[in-house]
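For reference, the structure is listed below as structure tokens.
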């Protein structure tokens, strides 16, 4: 506990006495300091200057001034002032202002050496000094007085202070005894009374009466205490009476409480049973809601007025209306897309017949058209008639059905192409055979040719010369090359359309890529006027990557599709710059990579993210089915257990990457 807390917890009487003592000491100290300051000020401003002027007049007598000729004589005269204790220093200056002699009483002071510096020195210091001109222009005299008061002055001040302090203490003792009698004792009597009332709980006690003319605070406090005790005594009598009445009522209430307790116990048991039932019902309801919300179909129940009574999470996703917003709302307002079917929904509810809408098409937030199947089930419950609406998305099923139809079409086209290839091979064979016959019959080395020429008088040498001039052999050579090229195209087409045995066989990637290039090299578009042969093909094959297990027909189909798409992207560039396709192979265990890079127009990010979706195409109607890249992606990821990705920058081109496993796992087929 610090000093402040100790003073705070002192009794009131001691606090008053302590305050009086502090007041006396503070007054005494302030009076002494004021007296000493005044004495110091009077000595500095009046007494010391007068004394210095007196000493200056004494030394300035003509007899002494005549002796101030030499420094020794001047110093001897100044030594006479040693007995004057208030004098601190004395200096004699020549008429020219130079210092002649000086005297110091006690510790030496720093005195100006020239009389012109005295005025500035006096302004900067705090000591009393007097500069007096000597008679007969004999020079100047500077006297410096001490600023200290005499020791006797302090002794007298101390003695007077002690006497005043002694008298003050005596007076304080007298006052404190009187304050104890007037203040402390009455307060202690009241305190003792309050403690007795608290310990004995006897409100009949009273404080002793005071003088009738007394009007101090303690008397008022005693009267207030007596009044409070009187009221508390009366209140105690009232409380005792009320206690008796309450005790009687309590006895009666205990009887009622016992009966109420028994009823509460019975009610508590009923509440627990009902709580368990409600908990099970709530859990069952939550379980049913979780089942309904977990279903992939949108489930909606409505009453006979088509107001919503049940709404699952899938319905919120399809309609954009939350469960809270849909509750008890009209069906057409909560789900506007169902408004056209309200008549059939009412028919299902009132006629108790299941109604189905096999296919509807609604656009969603992604901007695509999604297909749905609607089923309306009649519902009979305790609240009357109703209907259950189930909405199933069938977009993928529709797409796969269309894919199967398209695949059958492609298979039919493949069979037709194979038949056409066989039919084309026959005239190609005849052309090639006849070209060989023409060359033999124009040759001068055959004997039958010579005999026929002699019969008609024709010179074979002249004929050969004529044929060479007209470049007939070169024309026949070009016909032969074109025939061989057509036969090669037909051979590749037969191999491409032939059904695969779906067996993974080690295949040379460079040879497979070259074969796909050979097929694509004959691709041209008469309507748009572009030719695949006008595109620069760059090959960057890894020498360490040769044989890769794959289904060659399917991989060739993927490569041909990528090459055609790259050629079309290059042709559609607005600047029509030189087209370039780069083909790379890389070995990155456990993958073999094939990259097809073009410098076409590229594609935006939104198109790139959907490029492998079925039936997604950026071409005009009739120009593409949107199945090429989807089928290619399916062949790589599903049939070869590989990876396929695309990187594209709009205006700079695209890069397709195919990754095939270097080691085939038959168990994964």
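Given the condition outside any strand (DSSP E or B), under 24 Å from residue 633 (Cβ atoms) and modelled with pLDDT of 85 or more, answer yes or no: does some residue in the range 537-544 qualify? Spell out the reasoning first.
At the first step, the residues of the range 537-544 found to be outside any strand (DSSP E or B) are 541-544.
Subset that is under 24 Å from residue 633 (Cβ atoms): 541-542.
The next check asks that each one be modelled with pLDDT of 85 or more; those that pass are 541-542.
Among the residues of the range 537-544, at least one is outside any strand (DSSP E or B), under 24 Å from residue 633 (Cβ atoms) and modelled with pLDDT of 85 or more, which makes the answer yes.
If the Cβ limit is 9 Å and pairs must be 6+ apart or interchain, which residue in the range 349-371 that is closer than 16 Å to residue 303 by Cα pairs with which residue that is at pLDDT below 85?
Once the first residue is closer than 16 Å to residue 303 by Cα and sits in the range 349-371, its partners that are at pLDDT below 85 give 349/304; 349/379; 349/385; 350/304; 350/385; 352/380; 352/385.
Look at the range 270-304 and say how many of its residues are more than 36 Å from the chain's Cα centre (by Cα) and part of a helix (DSSP H, G or I).
Qualifying residue count for the region: 20.
Let's see how each residue does on (1) more than 15 Å from residue 644 (Cβ to Cβ); (2) at pLDDT below 85; (3) in the same structural domain as residue 633 (by TED's automatic domain parsing):
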| site | (1), (2), (3) |
| --- | --- |
| 564 | yes, no, yes |
| 567 | yes, no, yes |
| 575 | yes, yes, yes |
| 593 | no, no, yes |
| 597 | no, no, yes |
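I'd like to know if the range 88-97 contains one or more residues that are at pLDDT below 75, surrounded by 18 or more Cβ atoms within 10 Å (Cβ to Cβ) and either at positive phi or touching a strand residue (DSSP E or B) at 6+ places or on another chain (Cβ under 7 Å) (or both).
Taking the range 88-97 first, the residues at pLDDT below 75 are 88.
Of the ones still in play, those that are also surrounded by 18 or more Cβ atoms within 10 Å (Cβ to Cβ) are 88.
Then drop every residue that is not either at positive phi or touching a strand residue (DSSP E or B) at 6+ places or on another chain (Cβ under 7 Å) (or both), which leaves 88.
Yes - at least one qualifying residue is present in the range 88-97.
Working only within the range 561-619, note down all residues that are part of a helix (DSSP H, G or I) and more than 42 Å from the chain's Cα centre (by Cα).
Taking the range 561-619 first, the residues part of a helix (DSSP H, G or I) are 561-571, 605-609.
Selection gives 561, 562, 563, 564, 565, 566, 567, 568, 569, 570, 571.
Give me the residue from the range 422-440 that is more than 13 Å from residue 473 (Cβ to Cβ) and in contact with a helix residue (DSSP H, G or I) (Cβ under 7 Å, 6 or more places away or on another chain) and, out of that set, surrounded by the most Cβ atoms within 10 Å (Cβ to Cβ).
428
Under 9 Å by Cβ, and 6 or more places apart or on different chains, what pairs join a residue from the range 555-584 that is without any contact (Cβ under 8 Å) to a residue 40 or more places away in the chain with one that is outside any loop (DSSP other than H, G, I, E, B) and crowded, with 16+ Cβ neighbours inside 10 Å?
568/530; 570/530; 570/580; 570/581; 570/598; 570/653; 577/570
I need every pair where a residue in the range 588-602 that is at positive phi has its Cβ under 7 Å from the Cβ of a residue that is assigned to a loop (DSSP other than H, G, I, E, B) and surrounded by fewer than 18 Cβ atoms within 10 Å (Cβ to Cβ), sequence separation at least 6 or different chains.
602/650; 602/651; 602/652
Does at least one position in the range 507-521 carry a residue that is in a loop (DSSP other than H, G, I, E, B), within 57 Å of the chain's Cα centre (by Cα) and either at pLDDT 75 or above or not assigned by TED's automatic domain parsing to the domain that holds residue 438 (or both)?
yes
Within the range 98-119, track down each residue that is within 16 Å of residue 140 (Cα to Cα) and either out of contact with any strand residue (DSSP E or B) (no Cβ under 9 Å at 6 or more places or on another chain) or buried (at least 16 other Cβ atoms within 10 Å of the Cβ) (or both).
Matches in the range 98-119: 99, 100, 101, 102, 103, 111, 112, 115, 116, 117, 118.
For the condition at pLDDT 80 or above, in the same structural domain as residue 596 (by TED's automatic domain parsing) and surrounded by fewer than 19 Cβ atoms within 10 Å (Cβ to Cβ), what is the one hit in 613, 645?
645
The values are calculated or read from the model by the stated rules, or taken from the named source; none is laboratory data. Treat the numbers as computed from the prediction; the structure is a model and nothing was measured. Glycine gets a Cβ as well: all are built from the backbone with ideal geometry, and neighbour counts include every protein chain shown.
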